[in-house]
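Only one structure is covered here, and it is reproduced in the block below.
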Amino acid sequence: MNVELIAITHYLRGNGTPEELLEHAGRVCYRSESRGDPGKFLRARIREGHESIIEHASATFEISGISRAASHQLVRHRLASYSQESQRFVEMSDPEWVVPPAVTADPEAAVVWKEFTGHVVSAYRALRELGVRKEDARFVLPNATATRIVVTMNFRELLHVFRLRISPAAQWEIRDVCVRMLELVYPLAPNVFGDLREGLREQYPAFFEGQSAA
Ligand SMILES: Cc1cc2nc3c(=O)[nH]c(=O)nc-3n(C[C@H](O)[C@H](O)[C@H](O)COP(=O)(O)OP(=O)(O)OC[C@H]3O[C@@H](n4cnc5c(N)ncnc54)[C@H](O)[C@@H]3O)c2cc1C
């Protein structure tokens with residue numbers, strides 16, 4: 001799996017940081033002036049629940065090598081924009097698979113897996129050779145098929161998604177995606193994501209192991 005931060009809001013004033021823009025939006029509410037450090041102001045607003053101000057900045061991620069199972073969980077989040085590789089138009093006769101660690105760890109399960117994915121590839125190729133269009137041949141592809149997706153979310157929605165998906169209740173793969181997204185966006189907006197990140201790292205340190213700590 002690869003997760004890359006490919007864009008983030010650029011404020012056209014000051015130093016151009018997204019946090020300056022968010023502070024400005026918040027200051028408009030109170031007709032108050034910035035004191036040069038948006039951090040204290042932003043943290044206070046988020047802690048009191050005045051989260052609409054953080055909707056003014058957004059981030060775009062490119063995620064590749066995740067399963068269709070995980071991408072389906074991701075796209076359930078509605079306050080976002082998505083562009084996903086199309087199985088209608090892309091030839092899938094040589095697909096990549098996302099193999100759950102539970103399968104990799106069990107030699108018998110790994111044999112079942114290999115046999116099944118072999119059948120899938122044979123069936124897809126046979127259908128294509130019979131003239132079945134890609135959009136119909138794809139019906140044999142399972143949740144394990146790897147995909148690629150570009151996602152844009154504003155910071156408020158990102159906080160919401162991180163709260164839901166970096167939790168033991170979420171599945172390992174989307175959790176891994178979200179931990180990576182958080183670790184990428186946090187250094188660029190530490191006052192928006194800092195409290196949440198601190199809490200999650202404290203509660204679930206294992207989820208962050210192996211991730212790039214900022
Ligand atoms: C652990 C876990 C298990 C899950 N299991 C299942 C499952 O078995 N089956 C299943 O179908 N889904 C399941 N889901 C998906 C879940 O129900 C949500 O669809 C998904 O997490 C998207 O989150 P969301 O609805 O909070 O918000 P988003 O779409 O991210 O929206 C953000 C927020 O905006 C508000 N909002 C958005 N749209 C509306 C609306 N139409 N009306 C009112 N408020 C709105 C809500 O406050 C919402 O929290 C699961 C999710 C998790 C985290």
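The values are calculated or read from the model by the stated rules, or taken from the named source; none is laboratory data. All of these numbers come straight from a predicted model, not from anything done at the bench. Using ideal geometry, Cβ is built from the backbone for each residue, glycine included, and neighbour counts are taken over all protein chains shown.
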**OP:** Go through the residues of region 29-46 one by one and say whether even a single one is in contact with a Gly (Cβ under 8 Å, 6 or more places away or on another chain) and surrounded by fewer than 16 Cβ atoms within 10 Å (Cβ to Cβ).
**Re:** yes
Original post:
Any residue in region 79-95 that is surrounded by 12 or more Cβ atoms within 10 Å (Cβ to Cβ), part of a helix (DSSP H, G or I) and either without any contact (Cβ under 8 Å) to a residue 40 or more places away in the chain or basic (Lys, Arg) (or both)?
Top reply: no
**OP:** Tell me, yes or no, whether region 106-113 has at least one residue that is in contact with a Phe, Trp or Tyr (Cβ under 9 Å, 6 or more places away or on another chain) and buried (at least 16 other Cβ atoms within 10 Å of the Cβ).
**Re:** yes
Original post:
Out of all the residues in region 61-80, which are near the ligand (Cβ under 9 Å from one of its atoms) and either of a type in the set (Gly, Ala, Ser) or not assigned by TED's automatic domain parsing to the domain that holds residue 183 (or both)?
Top reply: 80
**OP:** Determine whether residue 112 is away from the ligand (no atom under 16 Å from the Cβ), under 18 Å from residue 149 (Cβ atoms) and aliphatic (A, V, I, L, M).
**Re:** no
**OP:** Return the only residue of 142, 190, 168 being within 16 Å of the ligand (Cβ to nearest atom) and surrounded by fewer than 17 Cβ atoms within 10 Å (Cβ to Cβ).
**Re:** 168
